[in-house]
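For reference, the structure discussed in these notes is given below.
Every number in this text was worked out from the coordinates using simple rules, so none of it is lab data. Note that the structure is predicted; figures quoted are calculated from it, not measured. Here Cβ is always computed from backbone atoms with ideal geometry, including for glycine, and neighbour counts include all displayed protein chains.
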């Protein structure tokens with residue numbers, strides 16, 4: 001009788017242990033919002049996106065580098081990363097995000113990325129140092145949208161970032177600039193942005209042919225030792241022409257979404273909320289385990 005009781009108790013304990021483990025794993029999975037209309041509604045002066053900025057997170061062997069998410073012009077970390085932050089978290093990454101580039105009090109209403117780009121790169125540099133110190137990692141990976149895919153290149157080139165970054169992944173980055181009309185189009189879709197059109201040094205710096213971009217792209221567009229991935233859509237109405245997002249040089253992979261899936265009608269704003277683009281981000285961060293996304297219809301702005 002004692003033997004049966006012991007066996008039964010052992011089985012029960014094992015079952016409870018498995019149930020607790022399963023419950024814990026389930027609790028860690030966060031919803032991934034592939035909807036730009038819902039995502040951009042999450043504008044916040046200082047709120048972190050789901051799954052990001054857990055300063056106790058320590059990278060594991062599968063994903064040894066923390067990922068830093070860098071928003072674009074007029075945006076903030078909350079409204080930009082309601083899909084990618086939880087997606088990366090659910091995959092076991094340590095995920096971090098920052099707000100940068102506030103100007104004339106714009107951060108109080110969740111409008112960032114409008115200040116001088118060189119100064120924004122300094123803010124990124126400080127943040128990456130904090131992430132590396134907290135996680136104990138030697139290098140980080142950066143993922144940015146729009147200006148957030150271009151501005152880190154200043155950090156890599158002029159602020160010593162190339163020694164601290166393994167990969168830079170850009171979603172529709174403004175690598176060679178755009179028109180002011182394109183930036184006004186961008187701002188018209190983001191809450192509060194129109195109030196700061198006249199106080200946006202980063203807007204002029206992102207205009208095609210600007211002195212800032214000429215300096216950034218002179219002498220080569222990439223830095224040795226860094227992997228660069230650019231993910232772009234043919235329908236980008238902000239970074240125009242769309243191919244100007246692409247980089248040239250060693251260590252570059254340029255991806256056009258419509259070459260993967262002609263049903264993808266996503267444009268500039270939908271990029272962070274496009275499950276095909278986000279799958280390409282996962283592959284860029286972990287090329288040994290590529291993700292093959294389904295080709296499904298993707299809509300402008302909302303993504304999917």
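Would you compute, from DSSP H runs of 4+ residues alone, the mean residue ellipticity of the chain at 222 nm, taking -39500 (n - 2.57) per run and dividing by the full residue count, rounded to the nearest 500?
-10500 deg cm²/dmol
Students often check this: by mean Cβ neighbours within 10 Å, which of 230-236, 242-248 ranks highest, and how do the rest follow?
With the highest mean Cβ count within 10 Å placed first, the list reads 230-236, 242-248.
Can you give the angle from 0 to 90° between the axis of helix 117-135 and the longest principal axis of the chain, with both taken from C-alpha atoms, to the nearest 10?
20
Please report the relative contact order for the chain, taking Cα pairs under 8 Å with a sequence separation of at least 6, and give it as a percent rounded to a whole number.
17
Quick one: divide the alpha-carbon radius of gyration of the chain by 2.2 N^0.38 Å and tell me what you get.
Computed over Cα atoms of the chain, the ratio equals 1.07.
Once both axes come from the Cα atoms, what is the angle between helix 275-285 and the longest principal axis of the chain, in degrees from 0 to 90, rounded to 10?
It is inclined by approximately 80 degrees.
Order the peptides 117-126, 282-291 from the highest to the lowest mean number of other Cβ atoms within 10 Å of their residues.
Taking the mean over residues of other Cβ atoms within 10 Å, the ranking is 117-126, 282-291.
Sorted by packing (mean other beta-carbon atoms within 10 Å per residue), highest first, where do 204-214, 162-172 land? Walk me through the intermediate numbers first.
Numbers: 204-214: 16.6, 162-172: 24.0.
Descending packing order for the listed peptides: 162-172, 204-214.
With only alpha-carbon pairs counted, each pair once and no self-pairs, how large is the Kirkwood hydrodynamic radius of the range 193-303 in angstroms?
About 15.6 Å for the range 193-303.
May I ask for the angle, rounded to the nearest 10°, between helix 147-158 and the longest principal axis of the chain, with both axes built from Cα atoms and the value confined to 0 to 90°?
It is inclined by approximately 80 degrees.
Using only Cα atoms, locate the centre of the range 219-287 and the centre of the range 57-110, then give the distance between them in Å, rounded to an integer.
Using only Cα atoms, the two centres lie 18 Å from each other.
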